[in-house]
Structure formats: structure tokens, C-alpha cells
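Scroll down for the structure; my scribbles are underneath it.
What follows is calculated from the coordinates using simple rules that are stated; it is not laboratory data. No experiment lies behind these values; they were computed from the predicted model shown. Note: ideal-geometry Cβ built from the backbone for every residue, glycine included; neighbour counts use all protein chains shown.
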Amino acid sequence: MISVLLNTLLAAGLYATMAYGLAIIYGVMRIINLAHAGVMMLGAYAAYALFSRFGLDPFVGLVVVAPLFFVFGVLMYAAVGRRIAGAGATPSIESLLVLFGVWLVLQNFAYVVWTGDTQSILTGYTMKSIKVAGVRLGVPSVLVFLASVGSLIFLNVLLKRTYLGKAIRAVTQNRDAALLSGVNAGRISAIAFGLGSAFAGIAGAMLATLMAFTPDFGRSFLLKAFCIIVLGGMESVTGVALGALVLAALENGLAAYTSVPTSLQDAVSFALLFIALVAFPQGLPSLFARFERRAAIR
Amino acid sequence: MKIAARLLWLAAAIFALTAPLFLERGPLNDLWNLAFAVILASAWNLLGGFAGQVSLGYSAFIGIGAYTTVLLSLKDWNPFVTLPLGALIAAIFSVIIGLPAFRLRGPYFTIATIGVAEAIRVTASTVEFTGGSSGLRMPADTFDFNANYFAMIGLAVVTVVIAAWVKRSAFGRALAAIRQDIEAAEAVGVNSTRFKLAAHALSAALVAIAGGLYAINFQYISPASVFDFRLSLSIVLMPIIGGVGTIAGPIFGALIVSTLQIKLLSIPALRDSFLFVYGGLLIVVMLFEPQGFVGLGRRIGRLVHA
Amino acid sequence: MLEVRQLSKRFGGLLALSSVDFDVNEGDVFGIIGPNGAGKTTLFSCLVGALRPTAGQVRFRGERIDRLTNPAVVKRGIVRTHQIVRPFRAMSVAENVAVAAYFGAGRRRGADAERRVREILERTSLADVAQAPAGTLTIGQLKRLEIARALATEPRVICLDEVMGGLNPSEIVGAMALIRTIRDSGVTVLMIEHHVHAVVGVSNRILVLNFGEKIAEGTPRDVLRDPAVVAAYLGDATPALEED
């Protein structure tokens, strides 16, 4: 039981980091960024390249990966994002497909540079594990969790305590009002893209320490990220964390308590995504809010 | 449609149907592939182009058609039964998925379809009944290229005719209204869910029959080959590049993508670049000419006439 | 013919409609007035099924319709126009109206539908732009298109949402005449309007809403004299309106 809880927690941290990159771009620009999968994949390869070329430990390398991908994100915005910012309430199909195209291009880029062979990062501690509360946990998993928590704390501080963060939150909640208050939409969007890519990049880099990867590998994680945002709502960090927790709990619970084979677990996540989209499009937090209000009326 | 255009389509159909008389196997294979692409693109266009609901999960229907035919052929069922049965199953499945999924608008629907198609692929790879990830093989002596070729061409013609008929009918107008403003459509009595389900089912059935024919022609299928996400992707790419929502668009798109694929594969240096090309095309089309080549053609036509 | 009982609609923390009651009789021209944000458009949305009421009932010719979808309500004969017009911009004017003719209560097809479309375009003075793409029309024409589309569904009740918004005085007179002809053809009319003079000129009954609540209902004369209405909505304009 403890083992399931701890594994869930570890997984949730990574998932939240992965999902937040998607959420921030959606929140600010109302665009669903399918290229997110490609950026995560590149993050994995970036960590791999830093490790195999320079011997840089992948976790230390996060310090390099994050700003690198921030810049990459801003460039992507300048090239493509600017033209497709969603004006309306729902994101447009065109933006979805353009970013899809970007994802394909990124995939091909990776194929060309690194070939389609499976790669992995093997450090001195990859195979080691430590004991926490009587449960054996892999060292990389624990480090990933710590790095995730760190990045999410950074994000929280950024959003709550800085002017930039306030601007981002304002645009997310009400774009027009924010613009009228003097927020520079272009700049905020570029930064959102940068932040989103940075988070995708580090999520990918962290994933690289946990598993082998090919240029194709972003897709199932992208779907998990969507699942999380839909479950958790796109408005808040806590919402995303909640969604991540639910998904991780479901996966680990299934693995531990049922005989559903691991290969079918992905199917479960996708089914969950589907159900979540249909049953609560506003995310779980809104469900709770509805209960609160009903109680208040009585 | 203008007389000249109509004659052109007729000539093309006649050419395709009589091709086995004078073409070698190689080019015939290319035509077969083209017909397959035309069916998929035109069928997808019914829901994706006319009604504006972009599904990235059509590989599911190819797979359903393929697996139905193979599994039942292994029990000695006749293709004349397995193909329509595959179509029926695909249509029913499309309704089951559509009922909840069509409550979603725009891109959310698209994401849901990706999820569903992936779930099916993963399930088919795991479950015993479908042969797991190693796939299934058709029984021996079911292969007949000529018969299959004619069936494929015939289906392509039928699909395009159906698309043309739908576009001009009341059904097609309803779909167009749904695409442009779904709430306004409902405000004048269009039951949008019913029409979306109908378009989805019709296109799923057509795609499934093509999938069944594919299985018979290639004699071997696996989840990786028929449920592949990249297949879903090319199905969407073709009508979009060619001109989504038109009749000629998916056909042009199929032509462009098939030709590209052949050309790219034949030049060793470019063999791995098809993702670049697909991705690049998608980006360029969406940013600069969302109406695809047909739209580009119309624009040029207006410039020329002005 | 149309009975509304205790109709309420809540959006999260906002109570847009609060226990609204009224009756509409066949042949009425029923005006609905009130300040901005009073819930008038929300009321229409709930009547036709575009929004689901939080509470209350709507009965149409004896049948309960508050839980039906918009298309289902349209097929039973109640249609609404939109305050901010929503034409199908890529289609021609005639096609816009045709969609309504096909799928409205009339369920027309083929030549029958085409004839009907032509008639309606004549009545709403849109015949000369029949083939033009809806996206190229002027606002006055677009407003008439909204009405034409609604009429093409062959409704028993038509709900007009601020059709006079943005029209100049002569256009308003034309609109009032059109409303009268609609009424004379046997269609019951509900209309939301800010031009109180216009509403008073065509309506035989008026409902006044404020903050989602009904504050008055009755003949134009009675309603305009009601002190609650004067306080909430009419203010100093009242004397000028007592011309009937």
C-alpha cells in the first residue's frame, strides 16, 4: 500500500511538470499545443546529447535544458505561434494542425540527427535504489520527483509573486480585460510559449533518465498530459497537480491491484481522457465548486 | 458541375477501370494505392470537411474493416459478406464513440479521437483474439489482384459520387451549417448530433470496406500496420492539403501525397524526410491557404479573371 | 398557448432569471422590455432549449418543452432570432433560408422548399441578394436574414431578439410593419426590444424584467404607468411615451 502511494507520488510529480507546459500555453493563448510531444522528445534527446557528449549528469543538465528550451519556445512563437493565437473561446483547428505539423518536423529532425534507434541514458546511479519508508524506490525516480517539485515551486512563485506571473494569470482568466489593463499580449504569449517549452523540455529530459526513448515517444505522454489538464482544469497549478495525482493513482492502482497488463495501461489512460473530456470538460475542480455552491444555496 | 469537368472525371474513371489491360503491375499497384488514398480522403472529408469535425482516429475504422475480414476469412467466410459486415461494425462503433465524443467542440473532439484510436491500437496489440502484436495472416488462395483492383477502383468511384451527392443534398447543407455555426444551425432546427453521427457512420463504413480490401490485398495485417497513428495522420493530411470540404480537394490531396510518397521513397537521401514534408506542408497550408490547393486554384482563377 | 411557470436560470453565482411567470396567447404580439442584463435574452434561450433552465417549466400547447433541445423545440414550432446576428457566412442568402426550410417545423424538401424560400425572401425584401454570400450583406440585410431564416422554419411562435437594434427610424417603421404582417399571417410574436416606442406600437401585451425578475406584466398602457417600471427602466422618458 505504501509502495503504491509512494510510486503514485513520484509519478504525479513528473506528470504535473509535463502537463503544466501544455496548460500554460493553452491558458494564455487558447491554443492546444500538439508540438508539446515533440518538444518533450527533444528534451530527452538534449539530455542524452549533453550526457553522451559532455558527460553532463542529466539532472545537472536540467539547468542547461530549461533556459535552452525557453529560448526555443520563444523562437517557435515568433515563427509560428504569433499567427495562430486563438481569438475566440475555443481554440481553432488551424492552430491544432499547424502545431501538429511542427511536431512532425521535430520528429523528423530527431530521426535525422539521432536515427530511430532506441536510446537511453545510463548513469552511475540509474540502477541504484534507496529505501524510503520500507519501500525500494529507484534513485532516478526520486531525483525526478525532487526536480519536478522544484520546478513546480518555481512556477508557483513566478505566478503568485511576480508581475509577470500576475499578467499571465490575468490573460488566462480574461484576455480582453487583461489587454485593456495594459498587458502586452504578444510579449506574454511569447513568454508563455517559452515557459511551456521549457517545462516540456525538462519533463522530457527527466523522462530520459527513467526509460529508453525513440523519436516517436512523445505521443502517449502527450495524451496523458491532456488527460491531466482536462481532469485538473487548466486554470491553476493545484488543478494540474490534482489531475496528475488522479492519473498516477489510477495507473499505479491498476498495476498493483488488478491483473491488467502494463501494455493495456495506456489504453486505460486514453479511456480516462475520453471519459474526462465528456463528463467534466471543466475539470474536477469545477465539479467540487458546483457541490460547494449547491450546499451554500440551501 | 461543368461539362468539361464532368467529362474529365469520366475519362479518369474509364482509364482507371481499363488500366489492367495495358499497364504493368508496378503502375497498377500505384493506381491501387491512389484509389485507396482517394477513398480514405473523400470519406474522411464527409465528417471532417463538410461538417468540420476533425477526427484524427480514422485508422480505427481501417483496422476494424481489416480485422473483420481477416478473422472471418480464417473461418471461411466470403469477402462479399465480410466486407459489408466490417462496414457495419465500423459504423456501429463510430456511433458508440460519437455519442459522447460529439458533445465536444472543435479541437477537444480531435483530441478525444486520438485517444480512442490509440486505445484501440493498444488493445489490439495486447489481446489474444486479434492475434496480438504479431498480427494475422489471410488464408491461402484468397489473393486475386485484379478482382481486388477493380473493387478498389469501384469503391473509389462510389465514394466520390456519394460525396458529391451528399454535398448537394439537404444533408450536406445541414453539415455545412454545423461547420459554420453549430448553435445557429440548431436554432433553425438542425439536430447537429444526429447529422454528425450520420456523417461519421457513413465515412466509417466506407473506410472499413477499404480496410477490408487492403487486408485481402496485402494478405497480412498487424496493429502496427492498420491501427497506426501515422495512417490517421495521412488521412487527414490529404483532404487538407487538397482542399477540405470540396469534392476535388481530397482527390488532389490523395494524388499529391501518394506521388510525394513514391518520389520520396525512391530517392535514398530523402527517404526519411517524409515527416518533414508532411509537417511542412501542414504548416504552410494551415498558415497561408487553409483551403488547400483547391483554394489556391480558386485564388489564382480570381486573379486571372480580374 | 405558451405558459411559463417559475422559470429560473442560474450561471454559477449569478441568478439570471428568477421565478419568472407569464402566459402568451395565440395571436399575441408579446413585448419583453427591461434594462440591459435583465435576463431577456436568457429567457429566450431557455424558451427554445438553447439553455436548460435551472428550475421551472415551460408548456407549449399543453406539452412540457423545457427539457427539450433547441432543434426539438424548433420542430414543435418555436424559433428565435439572435440579437447579434449569426448568419452562415459562407453560404448564400437563399441557402441560409433553405437550411431553415429543410429542418424547421415545416420540413420541406426539393421544389417545395425552394418555393417557400423564394416567398420568404420576397416578404423580407431580400430577393435581390438571394445568391449573394451572407458574409457580404449590410447589417440591415443581415437582420432581415435572421428573421427570414426564422420564418422559414414555419413557426407558430417567433421570438425576435432586438431586431430593431442599430436601425434608423425609417428602418424601424419598416420592421414594425413586418412584425405586423408576421402576426397577421398567424404567427405569435414575442419580441425583446429597447425601443420602447416601437414595442408599444405593435404589442398587445408587455412583460417587464429587471435583474431576472418580472416586475410587471400587462397591456402597454398599464405597464408604462406602473411605478416600479418607471423607476427601474423608463425614468424621465415616461411622459413622452403616453401618446396612445
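Remarks
- Other residues lying with their Cβ under 12 Å from the Cβ of C:Leu137 contribute a combined charge of +1, Lys and Arg counting +1, Asp and Glu -1.
- Charge-dipole axis of region A:54-146 as Lys and Arg at +1 and Asp and Glu at -1 on Cβ define it, positive-most pick from A:Val64, A:Phe109, A:Gly124: A:Gly124
- Estimated dipole of chain B in Debye, rounded to 20 [Cβ of Lys and Arg +1, of Asp and Glu -1, Cα centre]: 860 debye
- DSSP-loop trypsin sites (Lys or Arg not before Pro) across region C:64-173, with at most 15 other Cβ within 10 angstrom: C:Arg67, C:Arg89, C:Arg107, C:Arg109
- Pairwise FRET efficiency - C:Asn204 versus C:Glu63, Cβ, R0 = 22 Å, nearest 0.05: 0.35
- Highest-fluctuation residue, B:Pro139, B:Pro79, B:Pro268 considered, GNM on chain B with Cα pairs under 10 Å: B:Pro268
- When both bridge partners sit in the protein assembly as shown, DSSP labels roughly 65% of those beta bridges antiparallel.
- Dipole magnitude for region A:1-141: computed about the Cα centre from +1 point charges on Lys and Arg Cβ and -1 point charges on Asp and Glu Cβ, it is near 200 debye.
- Mean Cα-pair separation over length for chain C, i.e. relative contact order, pairs under 8 Å, 6 or more apart, %: 25 percent
- Sorting the Cα pairs of region B:192-306 by distance into bins of 10 Å, from 0 upward, gives 12, 33, 36, 15, 3, 0 percent per bin.
- In this simple spin-label model, placing a label point 7 Å from the Cα along the Cα-to-Cβ direction at both C:Val230 and B:Glu183 gives a separation of 3.8 nm.
- Kirkwood Rh (inverse of mean 1/r, distinct Cα pairs), region B:176-241, angstrom: 14.3 Å
- Positive-end extreme of charge dipole, the protein assembly as shown - chosen from A:Ile229, B:Ser192, A:Gly165 (charges on Cβ): A:Gly165
- Of B:Lys167/C:Lys143; B:Lys167/C:Lys75; C:Lys40/C:Lys214; C:Lys9/C:Lys214, those spanning more than 18 Å from alpha-carbon to alpha-carbon: B:Lys167/C:Lys143; B:Lys167/C:Lys75
- Basic side chains Lys and Arg get +1 at the Cβ, acidic Asp and Glu get -1 at the Cβ, and with that the dipole of the protein assembly as shown about its Cα centre reaches some 380 debye.
- Full extension of the chain between A:Leu158 and A:Val71 yields a length gain of 29.6 nm, computed as 0.36 nm times the residue separation minus the alpha carbon distance.
- 12 Å beta-carbon shell around A:Gly186, net charge (K/R +1, D/E -1): +3
- For the pair A:Ser181 and A:Ala78, a Förster radius of 22 Å applied to the C-beta separation gives a FRET efficiency near 0.35, rounded to the nearest 0.05.
- Length, then width, then depth: along the principal axes, the Cα atoms of the protein assembly as shown run 92, 74, 55 Å.
- Environment charge at A:Gly38 (Cβ cut-off 11 Å; Lys +1, Arg +1, Asp -1, Glu -1): 0
- In terms of Cα atoms, the Rg and Dmax of region C:135-176 work out to 10.9, 30 Å.
- Solvent-free Debye scattering, log10 I(q)/I(0), computed from the Cα coordinates of region C:87-154 at q = 0.11 Å⁻¹: -0.19
- Number of partner chain Cβ atoms within 10 Å, mean per residue of B:48-56: 1
- Zone of C:Thr54's modelled label, taken as backbone nitrogen in region C:187-222 under 16 Å from a point 7 Å along Cα→Cβ: C:210-214
- Listed residues B:Ala215, C:Leu160, B:Gly154: farthest to the positive end of the dipole of the protein assembly as shown (Cβ charges): B:Ala215
- log₁₀ of I(q)/I(0) at q = 0.07, 0.16 Å⁻¹ - region B:3-305, Debye sum with one point per alpha carbon: -0.26, -1.42
- Fraction of alpha-carbon pairs over 35 Å apart in chain A - percent: 16 percent
- Rough spin-label spacing in nm, given labels placed 7 Å along Cα→Cβ, for B:Thr18 and B:Val158: 2.4 nm
- Peptide C:11-21, shielding by other chains (average Cβ, 10 Å cutoff): 1
- Taken over region B:1-129, the percentage of Cα pairs per 10 Å bin, counting from 0 up to the bin with the maximum distance, is 10, 29, 32, 22, 6, 0.
- Top of A:Ser259, A:Ser141, A:Ser92 by mean-square fluctuation, Gaussian network on chain A, Cα under 10 Å: A:Ser259
- Number of partner chain Cβ atoms within 10 Å, mean per residue of C:88-97: 3
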